[in-house]
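Written below as structure tokens is the structure these notes are about.
The values are calculated or read from the model by the stated rules, or taken from the named source; none is laboratory data. A quick note: this is a predicted structure, and the numbers were derived from the prediction, not measured. Cβ coordinates were reconstructed from backbone atoms using ideal geometry, including for glycine residues, and neighbour counts include every protein chain displayed.
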Amino acid sequence: MESKINEIGCLIKSAQDGDEQAMTKLITIHKGLVFTIVLRMTNDYDLSQDLTQDTFIKVFMNIKRVKSAEHLRPWICAIARNVVRDHFRKAKRTQAISFESVKDFHVKGESNIDSTKRRMVIQDALAKLAERDRMILTLTYYDGLSLGEVAQALKMSENAVKVGVHRARKRLRKYLEGYEHELLSIR
């Protein structure tokens with residue numbers, strides 16, 4: 001872990017000095033994280049690709065602001081979140097659920113139809129959550145950020161993130177009530 005942080009630190013320093021290859025490596029390392037965040041916020045695969053690119057343009061333009069490797073991931077997450085919010089603020093659009101945006105929840109031995117039902121039920125429940133709840137769950141469970149990283153990305157305390165995760169899971173559980181058969185059925 002320490003060597004990864006050192007490697008990221010070296011890449012940041014090189015990118016700040018104008019090394020395009022270092023910036024490309026930083027983008028490659030973080031593009032999955034950013035795309036997942038944007039996709040969960042927009043529920044639109046094609047739009048997510050565009051906004052992910054916009055996020056990295058902002059990262060590239062502001063890379064000199066990064067002080068350390070530990071702050072890079074939360075900083076990039078915050079930029080991604082703000083890019084999406086700015087997009088919706090400008091477009092004044094409502095969100096629509098996109099089938100392509102559903103994360104793969106395929107269970108071994110499960111038919112494609114059952115897998116599709118499971119994904120649709122979960123995606124529908126996630127879409128009903130408030131943006132903050134979706135972000136907390138996405139950053140914590142899908143992207144695997146630590147509570148500290150989530151706290152930095154969302155500008156919250158770690159305790160507020162812990163409480164937020166608990167409450168978001170409780171709300172999600174409420175939206176999933178009545179779908180136990182679809183979620184638990186395995187053929």
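The C-beta contact set for the range 53-64 (first residue more than 11 Å from K31 (Cα to Cα), second residue surrounded by fewer than 15 Cβ atoms within 10 Å (Cβ to Cβ), distance under 6 angstrom, 6+ apart or interchain) comprises I63/Q16; K64/Q16. The criterion of at least 1 residues that are among the polar types (S, T, N, Q) and surrounded by 20 or more Cβ atoms within 10 Å (Cβ to Cβ) is met, among helices (runs of 4 or more DSSP H) falling completely within the range 1-97, by 20-42, 45-61. Can you tell which of D54, D46, D50, D19 is in contact with a helix residue (DSSP H, G or I) (Cβ under 6 Å, 6 or more places away or on another chain) and outside the structural domain of R132 (by TED's automatic domain parsing)? None of the others qualify; the one that does is D54. You will find that of D133, D104, D114, the residue that is assigned to a helix (DSSP H, G or I), among the acidic types (D, E) and at pLDDT below 85 is D114 and no other. Could you tell me which residue of the range 145-187 is modelled with the highest pLDDT, considering only residues that are among the hydroxyl-bearing types (S, T, Y) and closer than 28 Å to A80 by Cα? Out of the qualifying residues, it is S157.
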